[in-house]
Amino acid sequence: MQTVKTLQMLRTALAQLRVNGPTIALVPTMGALHEGHLTLVRRARAEADHVVASIFVNPKQFGANEDLDAYPRQLAEDAAMLEAEGVALLWAPTVAEMYPAGFVTNISVAGVSEGLCGGARPGHFDGVATVVLKLFNQVAPDMAFFGEKDFQQLAVIRAMARDLDLARPHVDAIIGVPTMREADGLAMSSRNRYLSAGQRAAAAALPRAMTAAAESIACGTDVAEALAALEAEVLAAGFGSIDYATLADSRSLAPLGALGTEPARLLVAARIGSTRLIDNMAVDAIA
Ligand code: AMP
């Protein structure tokens, strides 16, 4: 596996890869890799000739009071994990390479980016869309893989690809991969390492309460009632606050007061200590 840090080296390396096989899959990450990231890589390996992974802790998607400086950085360890998974090329640009002096463009996707995490983290999805569009243009992949763990992010990227008629990748080649979880159900996340042992044990209450709420909504319980029970359970387990707990239409992410015939998603963001955790689950639509 080759690691490249400049656009010029990236272009040369991509041209070499394309000689040995036409299809390239991109797996964008911010590093601090875990099994969740590696499932994306494995899916990508199964479907393309070459996998390009990127590691870039994108300052534009962090708010002023967020964890940009504290975000874990471990490039050598991450590179070894990616190499072991058969990744061909690691694109790890510096901030100056990604955003040279004079950079002034912002990509903003309305609608799907506005509620949920977009409400709690102003500007976050502009930062995500801007960097992902740049990564798409830099690598020009045939397909790109994203986790359902960040369900709203996936919706934002798909909306951008559709609205801007992206060709590489086409919106239909933006693949969502189901969330990888720890044995107790907690969604894997680079931020889980911020948790103390006590917080880590308590954090499993989040997916547990969400599973119960998803099942009770599917069985006909009133949505507001099920969400209130979820919030009470999560707070009782030791979470300090809940940013949102919402049932939403899976495609538009518009909030739903009741389960209908369209696919629905339960999405939650909650804080434990100073760590903000997000999770989401499908809720089976009424047949
Ligand atoms: P991040 O490094 O947090 O930006 O994540 C990079 C990619 O990995 C994103 O597409 C995430 O949605 C995905 N990802 C993160 N955690 C998981 C997980 N537990 N399961 C599946 N995909 C994940």
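The values are calculated or read from the model by the stated rules, or taken from the named source; none is laboratory data. No experiment lies behind these values; they were computed from the predicted model shown. Cβ atoms come from the backbone with ideal geometry, glycine included; neighbour counts cover every protein chain shown. Surface areas here come from the heavy atoms of the whole protein model, side chains and all, with no ligands, DNA or RNA. Shrake-Rupley method; radii C 1.70, N 1.55, O 1.52, S 1.80 Å.
When segment 193-217 is examined, which residues are found to be open to solvent by less than 30 Å² (accessible area, probe 1.4 Å) and either in contact (Cβ under 8 Å) with a residue 60 or more places away in the chain or within 10 Å of I272 (Cα to Cα) (or both)? Residues satisfying the conditions are L195, A202, A203, L206, P207, M210, A214, I217. Evaluate segment 167-186: report whether one residue or more is closer than 28 Å to N65 by Cα, within 15 Å of the ligand (Cβ to nearest atom) and touching a strand residue (DSSP E or B) at 6+ places or on another chain (Cβ under 7 Å). Yes: one or more hits.
Scanning segment 253-273 for residues that are at pLDDT below 95 and open to solvent by 60 Å² or more (accessible area, probe 1.4 Å) gives T261, E262. All of (1) under 18 Å from P169 (Cα atoms); (2) surrounded by fewer than 21 Cβ atoms within 10 Å (Cβ to Cβ) hold for P28 with one exception: (2).
Checking each residue in segment 153-166 for being more than 12 Å from the ligand (Cβ to nearest atom) and either touching a residue at least 40 places away in the same chain (Cβ under 8 Å) or within 22 Å of L33 (Cβ to Cβ) (or both) picks out A159, M160, D163.
Just to be sure before I move on: is Q2 at pLDDT 95 or above and under 18 Å from E85 (Cβ atoms) in the structure I sent? Yes, satisfied. Taking first residues from segment 252-268 that are small (G, A, S) and partners that are surrounded by 22 or more Cβ atoms within 10 Å (Cβ to Cβ) and not in a loop (DSSP other than H, G, I, E, B), the Cβ contacts under 6 Å between residues at least 6 apart in sequence or on separate chains come to A264/V283. Selection within segment 236-252: residues that are over 18 Å from the mean Cα position of the chain (by Cα) and farther than 17 Å from D222 by Cα. The member of this set that is least open to solvent (accessible area, probe 1.4 Å) is F239.
Looking only at residues of segment 21-43 that are under 23 Å from D279 (Cα atoms) and among the hydrophobic types (A, V, I, L, M, F, W, C), we find that the one that is nearest to the ligand (Cβ to nearest atom) is M30. Taking segment 97-190 as the region of interest, the helices (runs of 4 or more DSSP H) fully inside it that hold 2 or more residues being open to solvent by 70 Å² or more (accessible area, probe 1.4 Å) are 151-163. In this structure, P72 does satisfy being assigned to a loop (DSSP other than H, G, I, E, B) and surrounded by 15 or more Cβ atoms within 10 Å (Cβ to Cβ).
Listed conditions (1) surrounded by fewer than 18 Cβ atoms within 10 Å (Cβ to Cβ); (2) within 24 Å of V112 (Cα to Cα); (3) charged (D, E, K, R) are all met by E233, apart from (2).
Do you know which of the residues in segment 135-152 that are within 21 Å of L253 (Cα to Cα) and out of contact with any helix residue (DSSP H, G or I) (no Cβ under 7 Å at 6 or more places or on another chain) is nearest to the ligand (Cβ to nearest atom)?
Going through segment 135-152, the residues within 21 Å of L253 (Cα to Cα) turn out to be 145-152.
Next, only the ones that are out of contact with any helix residue (DSSP H, G or I) (no Cβ under 7 Å at 6 or more places or on another chain) stay: 150-151.
Working: D150: 4, F151: 8 Å.
Per the criteria, the residue is D150.
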